[in-house]
Amino acid sequence: MAHIIVVGNEKGGSGKSTTCMHVATALVRMGHRVGALDLDVRQRSFGRYVENRKAFVERTGLAIPSPNYMLLPELDPAQADPSENPFDQRLSAAVALLEPVSDFIFIDCPGSHTRLAQVAHTLADTLITPLNDSFIDFDLLARVDAETGKVKGPSIYSEMVWNARQMRAQAGLRPIDWIVLRNRLGAQQMHNKKKVGAALEELSRRIGFRVAPGFSERVIFRELFPRGLTLLDLKDTGVESLNLSNIAARQEVRDLVTELQLPGVSVNF
Ligand SMILES: Nc1ncnc2c1ncn2[C@@H]1O[C@H](COP(=O)(O)OP(=O)(O)OP(=O)(O)O)[C@@H](O)[C@H]1O
Ligand SMILES: [Mg+2]
């Protein structure tokens with residue numbers, strides 16, 4: 001059985017596709033078979049990333065491994081089950097095709113609530129939710145008391161994850177391991193960082209997620225997209241030595257992959 005990793009947050013621009021790219025690349029580089037699905041059918045950033053990577057490999061002839069990206073298959077309406085939502089069927093068909101050839105399947109979700117993303121959350125063995133370090137983004141997870149800073153209760157996205165967890169429990173599936181990743185952490189704003197950190201710690205206990213060490217705001221996390229690369233590939237492309245920021249970025253990716261505690265993965269990059 002492939003282990004399904006869903007990357008989701010209904011808040012746009014929180015770093016879902018960036019996280020998908022980096023974790024999927026880390027796993028494929030460690031020799032795991034990685035399938036990739038992108039439910040953001042308009043932007044397809046994750047899909048485009050893998051396509052850029054394939055094009056780079058063709059152009060340069062460099063043997064760097066790639067995730068196995070698949071578009072959601074078109075289903076023959078005559079074959080489709082009329083009692084089931086057609087989009088759900090396309091997602092389950094894609095997962096069924098990738099499952100026998102993958103150790104891990106990544107599903108990147110759009111930055112808004114869609115039916116397909118909701119179904120994907122019920123498939124997650126691991127759910128990663130990247131979060132910009134701001135209370136605007138935090139608001140999607142929980143309501144915070146304006147005066148005391150205390151968490152008042154979960155909000156819409158957390159409730160959606162809660163529902164997905166209930167559905168999995170009813171189906172006898174293993175619980176979702178939910179990891180929240182703080183993204184685009186800055187070197188400044190210590191006060192805000194501490195406040196968001198404290199609120200996340202409190203919320204993690206209440207609604208059951210783990211907080212992973214975060215990604216800092218770094219150019220290297222975004223500049224290699226057109227070539228379909230990540231900082232983990234730089235050595236293979238002839239870059240002899242990484243600068244300090246890139247070394248720190250690699251450590252951040254390593255720390256995240258370690259924290260995910262994925263089955264059969266011992267981190268060695
Ligand atoms: N740690 C980081 N350092 C620098 N830039 C980052 C970092 N994380 C994300 N970005 C940039 O922020 C923007 C949004 O990131 P990304 O596209 O990964 O978010 P998303 O959650 O997938 O967005 P959407 O909801 O639109 O799908 C992109 O331009 C990306 O390159
Ligand atoms: Mg995206």
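Coordinate-derived values only; no laboratory data. Everything numeric in this text was worked out from a predicted model, so none of it was measured. We place every Cβ from the backbone using ideal geometry, glycine too, and count neighbours over all the protein chains shown.
Every residue, every condition in (1) surrounded by 19 or more Cβ atoms within 10 Å (Cβ to Cβ); (2) farther than 28 Å from ARG218 by Cβ, yes or no:
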| position | (1), (2) |
| --- | --- |
| THR148 | no, yes |
| GLU159 | no, yes |
| ARG165 | yes, yes |
| ARG174 | no, yes |
| ILE179 | yes, no |
| GLN189 | no, no |
| SER204 | no, no |
VAL267 vs (1) of a type in the set (A, V, I, L, M); (2) touching a residue at least 60 places away in the same chain (Cβ under 8 Å); (3) touching a helix residue (DSSP H, G or I) at 6+ places or on another chain (Cβ under 6 Å); (4) not in a loop (DSSP other than H, G, I, E, B): all pass except (4)
Restricting attention to segment 73-109, and to residues there that are in a helix (DSSP H, G or I) and in contact with a Lys or Arg (Cβ under 7 Å, 6 or more places away or on another chain), which single residue is surrounded by the most Cβ atoms within 10 Å (Cβ to Cβ)? PHE87
Six or more apart or on different chains, Cβ under 9 Å: which pairs go from a residue in segment 110-126 that's in contact (Cβ under 8 Å) with a residue 60 or more places away in the chain and assigned to a helix (DSSP H, G or I) to one that's away from ligand 2 (no atom under 14 Å from the Cβ) and of a type in the set (Lys, Arg)? Could you list them? LEU116/ARG90; HIS121/ARG165; LEU123/ARG168
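Quickly run through segment 10-24 and pick out the residues that are basic (Lys, Arg) and either surrounded by fewer than 24 Cβ atoms within 10 Å (Cβ to Cβ) or more than 10 Å from ligand 2 (Cβ to nearest atom) (or both). Please lay out each step first, then the result.
In the first step, residues of segment 10-24 are kept if they are basic (Lys, Arg); the result is 11, 16.
Scanning segment 10-24 gives a single hit, LYS11.
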Scan of segment 191-202 for residues that are buried (at least 16 other Cβ atoms within 10 Å of the Cβ) and either charged (D, E, K, R) or in contact with a Gly (Cβ under 9 Å, 6 or more places away or on another chain) (or both), ordered by number: LYS193, LYS195, ALA199
Tell me the residue from LYS11, LYS54 that is in a helix (DSSP H, G or I), in contact (Cβ under 8 Å) with a residue 12 or more places away in the chain and of a type in the set (Lys, Arg), please. LYS54
Would you please name the residue that is nearest to ligand 2 (Cβ to nearest atom), looking only at residues in segment 29-49 that are part of a helix (DSSP H, G or I) and surrounded by fewer than 24 Cβ atoms within 10 Å (Cβ to Cβ)? SER45
